[in-house]
Every structure is written in structure tokens, then in C-alpha cells.
Amino acid sequence: AIASEKGPVGIDIEEIQPRSPGFTEIVFTAAEVALLAGRDQDEWMTRCWVAKEAFGKMLGKGLMGNPRAYQIEEINGDALRIQDTWINTIKHFNYIIGWTN
């Protein structure tokens, strides 16, 4: 659970696992895939998926069937930015946990 006095927040947790090429095409833009170059693909695709889910939950809308609408624009350490929102992520065993600031 997460709460903030600043306003709405979002949180998500997902297991790290391989993602199919079909999943990648549905969820990520070419620019997002380029951001992941040189990174562990299973871990970082999971981090990106978690970030999109947390962002959608923060908005109170979820992914609305269009995860590409929430494009990851920047990665700084383990944090990912969508629009003007940073989503922190951590790896805990074989899971990624993410939450909005």
C-alpha cells in the first residue's frame, strides 16, 4: 500500500519473466525499446511494465487497453519518467515493485 499527502499515487508489482515479442509490440514504442538497449531485457521490460501500471493507477484510469499511451521518456538509475512523473522501482527477489512520487 502507498499513500501521500501530495495527491494521487500509483503502485504496482510484477514478477520478472521473459516477455514475448507480441507483448513487446503491444506495450512498448520503438523509442522505449531503444531506451532498454544494453540492459537485462527481462528485468527492464518488467520495470517498464510496472512503471506504466503504476502511472495508470495514479491517474485512476489504469492502462485503458492502450499501454503505449503512457510512454517512458527517460530512465535515471532505477527510476523511469512518464510525462512529468517519476516512477521509482526496486528489485525484490524475482519481483519489481514500482511507485509514483
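The values are calculated or read from the model by the stated rules, or taken from the named source; none is laboratory data. Worth saying up front: this structure is predicted, and the values here are computed from it rather than measured. Neighbour counts run over all protein chains shown; Cβ positions are idealised from the backbone, glycine included. To get the accessible areas, we keep the full protein, side chains included, count just its heavy atoms, and leave off ligands, DNA and RNA. Shrake-Rupley method; radii C 1.70, N 1.55, O 1.52, S 1.80 Å.
Taking the stated definitions as given, is Ile13 open to solvent by 80 Å² or more (accessible area, probe 1.4 Å), closer than 22 Å to Ile90 by Cβ, modelled with pLDDT of 95 or more and not acidic (Asp, Glu)? So Ile13 passes the test. Within the range 1-51, the set of residues being basic (Lys, Arg) and out of contact with any helix residue (DSSP H, G or I) (no Cβ under 7 Å at 6 or more places or on another chain) comprises Lys6, Arg39, Arg47. Taken together, Ala37, Ala1 contain a single residue that is over 13 Å from Trp99 (Cβ atoms) and outside any helix (DSSP H, G or I), which is Ala37.
Does Ala31 meet the test of being touching a Ser or Thr at 6+ places or on another chain (Cβ under 7 Å), in a helix (DSSP H, G or I) and among the aliphatic types (A, V, I, L, M)? Taking the combined requirement at face value, the residue does not satisfy it. When Pro18, Pro8 are checked against the criterion of being open to solvent by 80 Å² or more (accessible area, probe 1.4 Å), in contact (Cβ under 8 Å) with a residue 12 or more places away in the chain and in contact with an Asp or Glu (Cβ under 7 Å, 6 or more places away or on another chain), a single residue qualifies: Pro18. Only one entry in Leu35, Leu80 is farther than 14 Å from Asp12 by Cβ and of a type in the set (A, V, I, L, M, F, W, C), namely Leu35. Here Thr46 fulfils each of the conditions (1) part of a strand (DSSP E or B); (2) open to solvent by less than 60 Å² (accessible area, probe 1.4 Å) apart from (1).
Could you please let me know if Met64 is part of a helix (DSSP H, G or I), hydrophobic (A, V, I, L, M, F, W, C) and farther than 14 Å from Ile97 by Cβ? No, not satisfied.
Of all residues in the range 78-95, exactly one satisfies the criterion of being open to solvent by less than 90 Å² (accessible area, probe 1.4 Å), farther than 11 Å from Ala51 by Cβ and hydrophobic (A, V, I, L, M, F, W, C), namely Ile90. Residues of the range 55-75 that are touching a Phe, Trp or Tyr at 6+ places or on another chain (Cβ under 8 Å) and either hydroxyl-bearing (Ser, Thr, Tyr) or without any contact (Cβ under 8 Å) to a residue 12 or more places away in the chain (or both): Leu63, Tyr70.
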